[in-house]
Amino acid sequence: MIHSHISVSAYCLLILRIVKTGFKLIGLIATLLLGACSEAPPPSPTCRIAQDFQANYQGPAACLIRVQNTLMVLAHSANGQYDLPYSGSLSQEAAQCTAHRAMWQQTGFNVEVDKLLGITQNGIHLFSCRLHSGFNAYDGPIDPPDWASPKAEQIVFIDPFDTRNDVWRHPDNLIMYRDGYVSIGFVESTSGPTTQVLESPPTNSPE
């Protein structure tokens with residue numbers, strides 16, 4: 001009787017361990033499958049800067065992209081406010097390359113960075129940037145790629161003069177956005193001139 005009781009208890013304990021191990025294996029397999037199904041971000045492309053604008057600016061930066069009579073902006077998922085794709089700089093990174101990287105990581109667009117339009121009160125360098133994908137003012141809204149920053153809900157094309165300060169994430173920058181938009185001028189096509197591909201930050205002195 002005692003021997004039978006011990007055998008049954010050992011058998012039940014063995015079954016319990018097998019079940020627990022099975023759950024762990026199922027969890028591990030599910031995690032691996034979900035990881036395989038999620039889209040990993042592709043490597044960032046090499047920074048591209050217009051040949052005529054090689055000054056060595058440094059600091060946080062953003063791209064200002066005009067498409068015909070519209071400005072390309074991000075509508076943020078938290079509150080729907082507008083913003084430009086911008087980022088803080090990495091070590092020894094030229095501000096032009098910071099703007100290029102921010103645009104790629106937040107929209108998936110590999111742009112050409114052009115002239116400096118100005119520096120905002122909070123120190124963000126605003127550069128004129130060019131798309132090479134044939135967009136026009138009627139193509140929005142566009143969903144960013146799955147691997148892009150989750151902060152951006154949609155890429156939209158707007159007239160900055162039809163917006164108020166309170167619809168912008170950084171309302172104090174709106175005047176500079178409008179000035180930069182006017183400075184760029186009407187953009188009939190999103191194609192641009194020959195670019196200078198940079199493997200490292202430019203070394204020329206600022207103009």
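Within the stretch 80-100, residues that are open to solvent by 10 Å² or more (accessible area, probe 1.4 Å) reach partners that are among the aliphatic types (A, V, I, L, M) and in a loop (DSSP other than H, G, I, E, B) with beta carbons closer than 6 Å, at six or more positions or on different chains, in the pairs Tyr86/Ile124.
Scanning the stretch 42-79 for residues that are crowded, with 20+ Cβ neighbours inside 10 Å and more than 19 Å from Val187 (Cβ to Cβ) turns up Cys47, Tyr57, Ala61.
If only residues of the stretch 152-173 that are more than 21 Å from Asn69 (Cα to Cα) and open to solvent by 60 Å² or more (accessible area, probe 1.4 Å) are counted, the one that is nearest to the chain's Cα centre (by Cα) is Glu153.
From the set of residues in the stretch 174-190 that are among the hydrophobic types (A, V, I, L, M, F, W, C) and at pLDDT 90 or above, which is least open to solvent (accessible area, probe 1.4 Å)? That would be Leu174. Mind checking whether some residue in the stretch 138-151 is in a helix (DSSP H, G or I) and surrounded by 14 or more Cβ atoms within 10 Å (Cβ to Cβ)? Scanning the stretch 138-151, I find no residue that is in a helix (DSSP H, G or I) and surrounded by 14 or more Cβ atoms within 10 Å (Cβ to Cβ), so the answer is no.
The values are calculated or read from the model by the stated rules, or taken from the named source; none is laboratory data. Since the model is a prediction, treat every value here as computed from it, not as a measurement. Don't worry about glycine lacking a Cβ; one is built from the backbone with ideal geometry, like all the others, and counts go over all protein chains shown. Calculation scope for accessible area: heavy atoms of the full protein, side chains included, ligands and nucleic acids excluded. Shrake-Rupley method; radii C 1.70, N 1.55, O 1.52, S 1.80 Å.
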